[in-house]
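The values are calculated or read from the model by the stated rules, or taken from the named source; none is laboratory data. In this text, all values refer to a predicted model and were calculated from it rather than measured experimentally. Here the Cβ is made from the backbone with ideal geometry for all residues, glycine too, and neighbour counts use every protein chain on show. Accessible surface areas use protein heavy atoms only, side chains included; no ligands, DNA or RNA. Shrake-Rupley method; radii C 1.70, N 1.55, O 1.52, S 1.80 Å.
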Amino acid sequence: MRLIINNTYQEISVWAANYVAYRIKNFRPSAQKPFVLGLCTGSTPLGMYAELIKIYKAGKISFENVVTFNMDEYLGLGPNDEQSYHYFMHENFFRHVNIPQANIHLLNGLTKDYTKECQHYEDLIKSYGTIHLFVGGVGSDGHIAFNEPGSSLTSRTRVKTLTAETIAANSRFFGGNKSKVPNSVLTVGIGTIMDAEEVMLLVSGDKKARALHHAVEGSINHMWPVSILQMHPHGIIVCDEPATNELKADTVRYFKEIEQQRMPKIK
Ligand code: GLP
């Protein structure tokens, strides 16, 4: 696992956007061989999306041959609902870049047949071979996508019930009203994320410090789903200083030292 420690949230955003752009460019995607990118929502990736839009507008990258799969969606919210992840992605990223509509995939929160929708999503991912890079965040309770503590570490795309902690955390997007947050969601599984060629998680702020400690220094445990990243051959965590508050000083120094010379740059 790589742990990239930046000073600030802005630096995380720039680092992550540069990395995504670098991976896409290096892949040289074409219509026959698209780059398959897994994406996430939440406050944390907002800065990365803004930076990616800047890189696109500067003419340094094209999303024409990029195919995306989002991690999750609330059940019961349609694409026009401002709190849906469809809406979030469209507003904060897709409408600003040249990605073809047909290349965008999100789980359908209005489905009545969860099993069919989830199997269809898994099949769709498989039809592209693999996800080349899955970008995610982490909940303060260590969830990835909507795989809450206690989730099977080999799970596939399915319906899940949110914990009280996640409902409280996400209520800020629903005017602070917890009763408005859907308690059921569709989410890719931990196994689905782990099948990606590379997984990059963005972690910002001291609210995430406990989760980061479990991810990096803890043992692999279903009560801290993020800890599964230790099993991934190409796992990257990009974090800021406040998120490292619960890491040992030695751990921080170790990862800083080995990352010193590795900042990616796009031409
Ligand atoms: C939600 C999303 C996750 C995200 C998490 C953290 O629960 N389903 O994918 O990682 O929130 O969000 P934030 O970045 O806002 O802290």
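Just the protein heavy atoms count here, and of the accessible area of the stretch 1-87 at 1.4 Å, carbon and sulfur take up 47 percent. I'd like the distance separating the alpha-carbon centroids of the stretch 152-176 and the stretch 97-129, in whole Å. Cα centroid of the stretch 152-176 versus Cα centroid of the stretch 97-129: 19 Å apart.
The heavy atoms of K248 present about 140 square angstrom of accessible area, all protein chains included, probe 1.4 Å. Roughly how many percent of the accessible protein surface of the stretch 113-267 is carbon and sulfur, given a 1.4 Å probe and a whole-percent answer? It is 52 percent, rounded to a whole number. Placing +1 on each Lys and Arg Cβ and -1 on each Asp and Glu Cβ, with no other charges, gives the stretch 31-163 a dipole about its Cα centre of roughly 400 debye.
With a Förster radius of 30 Å applied to the beta-carbon distance between F27 and L153, the computed FRET efficiency rounds to 0.60. Taking 17 Å as the straight-line reach from the Cα of K25, the aspartates and glutamates in range (excluding those fewer than 8 positions away in the same chain) are E51, E64, E197, E198. By its C-alpha gyration tensor, with a ≥ b ≥ c as the square roots of the eigenvalues, how is the chain shaped: rounded for a/c under 1.5, else prolate for a/b larger than b/c, else oblate? In terms of gyration-tensor shape, rounded. Of K54/K160; K160/K207; K207/K256, which ones are farther than 26 Å apart at the Cα? The answer is K54/K160. Solvent exposure of H143, expressed as accessible area, is near 20 Å², computed with a probe of 1.4 Å over the protein chains only.
Which pairs in the list K112/K178; K180/K208; K33/K126 are over 21 Å apart, alpha-carbon to alpha-carbon?
Numbers: K112/K178 24 Å; K180/K208 24 Å; K33/K126 14 Å.
Violating the 21 Å Cα-Cα cut-off are K112/K178; K180/K208.
Using the 1.4 Å probe convention, the accessible area of the stretch 165-250 works out to 43 Å² per residue with neighbouring protein chains retained. When all protein chains stay in place and ligands, DNA and RNA are ignored, the 1.4 Å accessible-area order of R95, R158, largest first, is R95, R158.
Cα centroids of the stretch 1-49 and the stretch 194-255: 17 Å apart. Along the positive direction of the dipole of the stretch 170-209 (beta-carbon charges: Lys, Arg +1; Asp, Glu -1; about the Cα centre), which of G175, L186, A209 reaches farthest? The Cα lying farthest towards the positive end belongs to G175.
If N is the number of residues in the stretch 120-193, what value comes out of its Cα radius of gyration divided by 2.2 N^0.38 Å?
In units of the globular-protein estimate, the stretch 120-193 measures up at 1.20.
For the stretch 116-252, a crude dipole built from +1 on the beta carbon of Lys and Arg and -1 on the beta carbon of Asp and Glu, taken about the Cα centre, is about 560 debye to the nearest 20.
Using only side-chain charges placed at the Cβ, +1 for Lys and Arg and -1 for Asp and Glu, the dipole size of the chain relative to its Cα centre rounds to 600 debye. Entry for the stretch 74-212 at q = 0.10, 0.14, 0.16, 0.21 Å⁻¹: log10 I(q)/I(0) = -0.34, -0.70, -0.95, -1.69, Debye formula applied to identical alpha-carbon scatterers, no solvent contribution.
Using only DSSP helix segments of four residues or longer, with each worth -39500 (n - 2.57), what per-residue ellipticity at 222 nm results for the chain after dividing by its residue count and rounding to 500?
Taken over the chain, the calculation gives -9500 deg cm²/dmol.
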